[in-house]
Structure formats: structure tokens, C-alpha cells
Amino acid sequence: MKFECGDLERALANPDLMADAQLHMRDCAACRNEYRIWNEISTAAKQLHCEWDSPDLWPNIRKGLEAQSQPPKHRADWRLWALTAAAAAMVLLAVLRWPQTPTDKSVATANLSAQDFLTDQALKEVEKNEAAYRHSIDELSRLAQPKLENPASSPLLASYREKLQMLDSAILETRSNIAQNRFNVRLQTDLADLYREKRQTLQEVLTRDQSN
Amino acid sequence: MPLPFGATLPDNPTDAELLQSCKRGEVCAFERLYGLYAARMKSLAYHLLASRGDAEDAVQETFMKVYKAIGAFEENSALSTWIYRILVNSCYDILRKRQRLAEKPILKEFSMDSKLPLKVALERALLKLNERHRLVFLMFEVEGLKHSEISGVLEVPEGTSRAWLFEAKRALKQMLTEPRHEI
């Protein structure tokens with residue numbers, strides 16, 4: 001093959017052609033110059049690596065790791081309190097609506113039934129809402145699928161894909177935990193959070209311009 | 001439950017030993033990971049986020065995620081590749097948060113070393129590159145990752161990584177040599 005100046009770019013992209021390019025550059029000052037600039041970019045790039053002292057970084061990470069190894073007590077606590085308060089309000093509402101009967105015994109029985117009924121009812125409501133929410137997220141997933149599966153997608157989309165995989169795995173795990181304890185309000189809240197995050201992520205994928 | 005301190009980690013652990021130690025949640029193994037990768041991670045994150053503070057946040061976030069997910073790490077790729085992938089994702093998470101908050105773009109903390117004008121020009125030109133080309137350029141040319149590693153981080157074939165690097169350098173060369181490009 002006769003190597004010409006126009007072949008230099010191909011040689012820079014394909015190391016197999018570099019030997020021919022080197023031979024050509026012996027007699028071609030223009031290509032030698034092009035090649036020099038090409039290499040200078042690599043040399044200058046090495047100087048962009050930057051290091052600085054971060055004396056607090058490892059101690060902070062260590063603290064974070066230690067915090068992660070503890071159960072998220074405070075976070076769970078406020079959620080539990082919020083849900084307990086909401087549940088108490090619903091119990092009160094149900095009790096007020098419950099048909100009044102004259103005897104103490106029947107009132108007590110009615111209250112107990114109302115509480116049982118409310119718990120089941122609330123769970124049914126949660127499960128119904130979850131199914132509807134899941135359905136709408138599935139729809140979003142379906143719309144986002146072509147973008148996410150595009151092999152030429154940007155690293156940002158790849159990061160979305162990875163995040164969605166992590167969310168799916170967390171959702172599966174939480175759902176499996178819920179299957180063993182359907183009345184656990186904290187697990188239900190965690191699941192709702194995960195779905196919310198997934199929906200938001202899918203919406204970001206759909207609104208993102210793929211040209212970048 | 002406090003983190004185990006991990007007296008089981010040998011002085012010069014292999015990757016497999018380090019991984020097993022991390023999977024046991026031994027803090028010394030994570031400290032070793034930090035020693036091995038933090039400098040490069042900070043530099044890469046800095047170039048993606050243009051802020052040292054955010055770069056440190058991204059590194060910290062990455063270690064938290066690694067700690068949380070290492071039990072599920074399936075060893076389909078090298079541990080380092082997986083860590084860099086999480087780092088890049090963490091950086092994009094931070095960028096997304098910035099977009100959500102409609103934060104003003106942070107001005108790059110340019111080096112003021114006047115002996116290195118090409119370095120400064122290159123740093124500025126990099127900001128104008130296509131996102132994926134810039135990322136490959138940063139990982140290969142600046143941080144010294146191999147194409148095999150980059151392909152694992154970005155989950156693209158090695159050929160794609162090479163092609164993106166070529167495109168990045170071609171665009172940079174054009175920006176740095178042709179006067180019509182204002183850097």
C-alpha cells in the first residue's frame with residue numbers, strides 16, 4: 001500500500017497502519033508535524049491529572065461506612081411516627097363513622113372490628129395503589145426501553161440504566177420482604193420511595209435529549 | 001453492629017483476597033481500596049464535575065455504594081472497573097442534581113501555571129468535547145486506564161472506546177490548532 005498524507009488520520013486511529021505512517025513521515029514534514037501535535041496532546045493530557053490532599057476524606061468515608069453498618073434508626077423512626085399518626089387519624093375517622101350502638105360491649109366490639117377492618121382495608125388500598133403505580137411505571141419503562149437499550153447511548157444514559165437496575169433489584173428485595181410481612185409500614189414506605197425514585201429516573205431518561 | 005477491623009487482610013493482598021475482605025465488610029479492606037484508587041478517582045471526578053468539593057463528595061458516595069453493593073458484586077469485571085463505573089455514575093448523579101436545582105455552572109478551577117499554556121488550553125477545549133469522547137479521553141490519556149478497563153466502565157466494546165478516543169483527540173487537535181475555534 002502506498003501511504004499518502006490523507007492516510008495519516010486512519011493510521012492514528014488504527015495502530016496496524018502506524019508502521020507505514022512512520023516510513024511516510026521520514027520524508028513528509030507536514031505529517032511529522034501533525035503527528036507531533038497529536039502526541040503533544042497526549043503529553044499535555046498527562047499533566048491534567050491532579051492530586052490534592054484531602055485529610056478529611058477517608059475519615060468521613062469511614063464514618064459513613066460505620067453509619068451504614070447501623071440500622072437507619074432515625075430515618076425509620078420519623079417515618080414510623082408519621083405513619084402511626086396517619087393510621088391513628090384514620091382509626092379515629094373510622095370510629096367516628098362507625099354506627100353507634102347503645103351497649104358498651106357492642107361499642108367495644110365495633111371498635112375492635114373497625115380497627116381490624118381498617119388495617120385490612122388500608123393494606124388493600126396500599127396494594128391497589130401500588131399495582132396502579134407499578135402499572136404506570138411499567139408503561140414508562142416500556143417507553144424508555146429503546147433509549148436505554150441503544151448500544152450507542154451516552155455514558156449518562158448508561159448510568160441511568162445502571163441506576164434503574166439497582167432500583168429494580170432493591171424493589172424486588174423489598175417486595176420479597178413485604179411478602180413475609182405485609183403489614184410492615186416501614187417496608188411499604190421504602191417500597192413507595194423506591195417506586196418514586198424509579199419513576200423520576202425514567203422521566204429523566206425520557207426527557208433527556210439523546211443527541212448528547 | 002460496628003464494622004470489623006479485619007485482621008485477616010494480608011500485607012499485600014491479591015485482588016481476590018481484597019474483594020473477599022471487602023465482602024466481609026472489613027474496614028481495613030476499604031481503606032486499602034481507598035489507598036489504591038482514591039487519587040485517580042478524585043482526579044477523574046474533578047474533571048467531570050469541575051469542583052474539588054464535589055469530586056470528594058463523589059468519591060465518598062462511591063465508597064458508600066461500593067460498601068452497600070459489594071455483596072452482590074458478581075466479579076464479571078475487575079473490582080477497579082466496577083468502582084470506576086460507580087464513580088462515573090455518582091458524578092452523573094451529582095450533575096443531574098445540579099440540573100434539577102438549576103444551579104449555575106461552576107467555573108472550572110483552572111490551573112494558573114503559566115509555563116503550561118497547552119495544558120490550560122487543553123483543559124478548556126475538553127469542556128467543549130462531546131460527553132462520551134471527553135470521558136474516554138480523561139480515563140485513557142489523563143488517568144491512564146486501559147481500553148479494556150474503559151470498555152468495562154462504560155460497558156461498550158473496546159473498539160468503541162478506541163474510536164471515541166480517536167474522535168476526542170481529533171476534535172481537540174482541531175480546537176487547539178485552528179484559530180477559528182475560540183477556547
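Please treat every number below as a calculation from the coordinates, not as lab data. Since the structure is predicted, the reported quantities are computational estimates derived from the model, not experimental observations. Neighbour counts run over all protein chains shown; Cβ positions are idealised from the backbone, glycine included.
Using Cβ contacts closer than 10 Å as the measure, can you line up B:I150, A:I37 from fewest to most?
Values: B:I150 24, A:I37 14.
The order, fewest Cβ neighbours first, is A:I37, B:I150.
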Hey, what do the phi angles of region B:118-133 turn into as Karplus ³J(HN,Hα) couplings, whole Hz, using 6.51/-1.76/1.60 and θ = phi - 60°, x for Gly and Pro?
5, 4, 5, 4, 5, 4, 6, 5, 4, 5, 8, 6, 3, 3, 6, 5
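Exposure proxy check: B:R40, B:R170, A:R26 ranked by fewest other beta carbons within 10 Å? Don't skip to the end; give the middle numbers.
Working: B:R40 21, B:R170 16, A:R26 8.
Ranked by crowding around the Cβ, least crowded first: A:R26, B:R170, B:R40.
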Net charge near B:L19, counting Lys/Arg +1 and Asp/Glu -1 over other residues with Cβ under 13 Å of its Cβ?
-2
What does the charge add up to near B:A38, with Lys and Arg as +1, Asp and Glu as -1, over the other residues with Cβ less than 12 Å from its Cβ?
-1
Rounded if a/c is under 1.5, else prolate if a/b beats b/c, else oblate: with a ≥ b ≥ c from the C-alpha gyration tensor eigenvalues square-rooted, which is region B:29-68?
oblate
Which of the pairs A:K63/B:K128; A:K63/A:K163; B:K68/B:K169 have their Cα atoms more than 32 Å apart in this structure?
A:K63/B:K128; B:K68/B:K169
From the square roots a ≥ b ≥ c of the eigenvalues of the alpha-carbon gyration tensor of region A:128-202, which class results: rounded (a/c under 1.5), prolate (a/b over b/c), or oblate?
prolate
Could you give each residue of region A:163-175 its phi-based ³J(HN,Hα) in whole Hz, using Karplus coefficients 6.51, -1.76, 1.60 with θ = phi - 60°, and x for Gly or Pro?
4, 5, 5, 5, 5, 4, 5, 5, 5, 4, 5, 5, 5
Residues A:C50, A:C31, A:C5 in order from fewest to most other beta-carbon atoms within 10 Å are A:C5, A:C50, A:C31
